[in-house]
Amino acid sequence: MIVLEEGTWSVLSCGSRMVMIPLFKLTGFILLGILFAFLHWLRNWIRGKEQPNYRWIKSPLAIVLGTSLFIGIGWAIAASPSITRFATDGSILIETGCQMTETYSKRIPLAEANITYRHTKSRRGKNTYSLIVNNKEHTVTLDLTRQQDYSALARLRRNR
């Protein structure tokens, strides 16, 4: 079995991902918000304007809404699938990952699969390349811009 791509969080169990992935992403959102507030404060300080008053942050409504938003975003991130890896032996493509605390696996026999190459270009000039493998039940998308093992990808097409 050749591993085409392995995810960042593949060493963690599905239960651990339910905690770690949302925690890291929420920490990033909080740091981004703090940076935005600091830059706003700095801009006002440089221009000699009055500093903003953040007393509303201590109000009960702000605490309840902030906590609800924090938990809601964390739950949504945790509930979304996290793909662990793509692998192939030349006759079948397998995607494994976690959906909440359960492990899932999509198996697509390449003999009956439809393989499509897609190239998209954004307005900013960024190119993305992907290989879409689908059959009646599943669709698997391989991001070719992060792909390292091109000989394994060639085996996907050769064995059809």
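The values are calculated or read from the model by the stated rules, or taken from the named source; none is laboratory data. From a predicted model like this one, the values you see are computed outputs, not experimental measurements. Backbone-built Cβ (ideal geometry, glycine too); neighbour counts: all protein chains shown. Protein only, heavy atoms only, side chains kept; ligands, DNA and RNA dropped before computing areas. Shrake-Rupley method; radii C 1.70, N 1.55, O 1.52, S 1.80 Å.
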Conditions: (1) at pLDDT 85 or above; (2) over 15 Å from Ile21 (Cβ atoms). Gln51 meets all but one. Number of the miss? (1)
Name the single residue, out of those in region 50-83 being in contact (Cβ under 8 Å) with a residue 40 or more places away in the chain and touching a helix residue (DSSP H, G or I) at 6+ places or on another chain (Cβ under 9 Å), that is farthest from Ala37 (Cα to Cα). Ser82
Boolean, Trp45 is surrounded by 10 or more Cβ atoms within 10 Å (Cβ to Cβ) and within 30 Å of Leu144 (Cα to Cα): no
Might you check whether a residue that is in a helix (DSSP H, G or I), at pLDDT below 80 and exposed (fewer than 10 other Cβ atoms within 10 Å of the Cβ) occurs anywhere in region 11-18? no
Conditions (1) in contact with a helix residue (DSSP H, G or I) (Cβ under 9 Å, 6 or more places away or on another chain); (2) open to solvent by 70 Å² or more (accessible area, probe 1.4 Å) -> Val3 fails only (2)
